[in-house]
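The values are calculated or read from the model by the stated rules, or taken from the named source; none is laboratory data. Remember, predicted model here, so these are calculated numbers, not experimental data. Positions of Cβ are backbone-derived with ideal geometry, glycine not excepted, and every protein chain shown enters the neighbour counts.
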Amino acid sequence: MTSSAPAAVSASVLDLAPVVPVVVLEDAADAVPLARALVAGGLPAIEVTLRTAAALDAIRAIASEVPGAVVGAGTVLSPAHVTETVAAGARFLVSPGWTDALLDAMKASGLPFLPGVSTTSEVVALLERGITEMKFFPAEAAGGTAYLKALSAPLPQARFCPTGGVSLASAPSYLALSNVGCVGGSWMVPGDAVAAKDWARVERLAAEASALGRG
């Protein structure tokens, strides 16, 4: 992370933007122009998933060259992933699920993090450990807005970033919920636009997503 980057991440990843782009990059050379387009469109928080060999180089490039971006690592599955992504310059961590070892590593990193949950018991277990902010994944398959709304009465202290099947059409219904801080999605980074290096299209889609607010 360069000195021109923002000095600190918000204590809450959920409050950076209404939508966090979930990015899968096959070529690290696309990372900087893609991130610049997303930031220009109003989406500064960018989750680069560890699903490809290019991911760490992509995180490193965005952290070094796009000072307006708050780059995070997604699909964090192990303590080793935590170590590698922190070294690459990630500023927040997101996992699809969690174990005690992974949770300990994410907490020890000092970075904001969103452990993934899909059941009430997982939410209660995290609350027991003092963690109130979580990724709800896979959101649509796990019950969508109806499930999250049902959680809000008995577990009002839990806040979520639903990810997995969320679209431009469904995002507003999630964002209208009192226990949702933001949503994660990939519709503003379609594979054909990235392949064509159509960064103007990405910026337009990002601007459309960033305009979403509570309904």
(request) Hey, could you check the range 1-29 for residues that are part of a helix (DSSP H, G or I), at pLDDT below 95 and among the hydrophobic types (A, V, I, L, M, F, W, C) and say which is surrounded by the fewest Cβ atoms within 10 Å (Cβ to Cβ)? (result) Leu14
(message) So, Gly181, is that one under 14 Å from the mean Cα position of the chain (by Cα) and under 20 Å from Phe92 (Cβ atoms) or not?
(response) yes
(request) Among residues belonging to the range 188-211 that are over 12 Å from Val20 (Cβ atoms) and in a loop (DSSP other than H, G, I, E, B), point out the one that is modelled with the lowest pLDDT. (result) Ala211
(request) Looking only at the range 70-90, count how many residues are among the aliphatic types (A, V, I, L, M) and either modelled with pLDDT under 95 or surrounded by fewer than 24 Cβ atoms within 10 Å (Cβ to Cβ) (or both). (result) 5
(message) If the requirement is being closer than 24 Å to Glu208 by Cα and part of a helix (DSSP H, G or I), which of these qualifies: Leu38, Leu43?
(response) Leu38
(message) Looking at the range 44-58, can you tell me whether even one residue there is in contact with a strand residue (DSSP E or B) (Cβ under 9 Å, 6 or more places away or on another chain), closer than 30 Å to Glu203 by Cα, in contact (Cβ under 8 Å) with a residue 60 or more places away in the chain and among the basic types (Lys, Arg)?
(response) no
(message) Can you confirm whether Val166 is farther than 23 Å from Val70 by Cα, modelled with pLDDT of 95 or more and crowded, with 21+ Cβ neighbours inside 10 Å?
(response) no
(request) Name, by its number, the condition in (1) surrounded by fewer than 17 Cβ atoms within 10 Å (Cβ to Cβ); (2) over 18 Å from the mean Cα position of the chain (by Cα); (3) more than 23 Å from Leu102 (Cβ to Cβ); (4) not acidic (Asp, Glu) that does not hold for Arg201. (result) (1)
(request) Quick one: in the range 30-45, of everything that is crowded, with 24+ Cβ neighbours inside 10 Å and touching a Gly at 6+ places or on another chain (Cβ under 9 Å), which residue is farthest from Phe113 (Cα to Cα)? (result) Ala35
(request) With the checklist (1) closer than 29 Å to Ala87 by Cα; (2) without any contact (Cβ under 8 Å) to a residue 12 or more places away in the chain in hand, flag the one item Asp192 doesn't pass. (result) (1)
(message) I'd like the full set of residues that are surrounded by fewer than 17 Cβ atoms within 10 Å (Cβ to Cβ) and either modelled with pLDDT under 95 or under 15 Å from the mean Cα position of the chain (by Cα) (or both), limited to the range 111-137.
(response) none
